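Data first, discussion second: the structure below is written as structure tokens.
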Amino acid sequence: MVFFNQYNRKEVKVEVDISGLDKAAVLAVLYNAARPNGKGLYRYAPRPITIEEAREIIEEQGDDLRLDFGPLGEEYYEEYSFDYVRGRVLRVDITFDDFAPYGYNRHNGEQMAQRAINYLRKTGEVVCQDIIDYQSKLVLKDMMRAMDDAEYLGAGRVFRFYIFGREIDVSLVYNKENLKKHIQRILAELPE
């Protein structure tokens, strides 16, 4: 099937197959492979979540369900539809056996949804350190770009990132110029 996206470019419709997978595991692996966007940095929690934590998120959402219509016109409540979760952009509806990855991939990287689901299918684990490291580097680069108008990066704010198995704490740097230099030094130390 062919459709036109918001930029009027032709695209082939590709769904990500999640049949046979636990919805909580799917949510956990997608969450762990996602990164914050825009004001999502305010709520960004760099620690990956477990399947049990994903179940809690699904249960919490159960109180605020929206009515929608499925591919065959049937009514259903979006029990498994997620936009932002703890500052990370998901933009997925995993109610059915497949989902459209466009919103997720637009914010998290090309083919990132499929990569995360492939990792879950292959290993049964929800934490793919390679993807987390990649996204963490992008978060640091986003912070660099946002530095000029990022008034919230003052004293008292805590920003911790877990990259390549080590914790990086940038909350101790209170001056924007020092923070820029600190992040540049961290990025220079990381492998490509």
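Applying the selection to region 89-105, what residues are surrounded by 15 or more Cβ atoms within 10 Å (Cβ to Cβ) and in a loop (DSSP other than H, G, I, E, B)? Across region 89-105, the qualifying residues are Ile94, Thr95, Ala100, Pro101. Every condition in (1) modelled with pLDDT under 75; (2) under 19 Å from Ala45 (Cα atoms) holds for Cys128 except the one numbered (1).
So that you can scan it fast, the table gives a plain yes or no per residue for (1) within 30 Å of Ala188 (Cβ to Cβ); (2) in a helix (DSSP H, G or I); (3) among the acidic types (Asp, Glu); (4) at pLDDT 65 or above:
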residue: Asp63; (1), (2), (3), (4): no, yes, yes, no
residue: His107; (1), (2), (3), (4): yes, yes, no, yes
residue: Arg115; (1), (2), (3), (4): yes, yes, no, yes
residue: Tyr119; (1), (2), (3), (4): yes, yes, no, yes
residue: Ile132; (1), (2), (3), (4): yes, yes, no, yes
residue: Ser136; (1), (2), (3), (4): yes, yes, no, yes
residue: Met147; (1), (2), (3), (4): yes, yes, no, no
residue: Glu151; (1), (2), (3), (4): yes, no, yes, no
residue: Gly154; (1), (2), (3), (4): yes, no, no, no
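The single condition from (1) more than 14 Å from the chain's Cα centre (by Cα); (2) at pLDDT 90 or above; (3) buried (at least 18 other Cβ atoms within 10 Å of the Cβ) that Leu179 fails is (2). Ala45 meets the conditions (1) modelled with pLDDT of 85 or more; (2) under 28 Å from Tyr134 (Cβ atoms) in every case but one. The failed one is (1).
The values are calculated or read from the model by the stated rules, or taken from the named source; none is laboratory data. Model, not experiment: these values are computed from the prediction. Ideal geometry is used to build each Cβ from the backbone, glycine not excepted, and the neighbour counts take in all protein chains shown.
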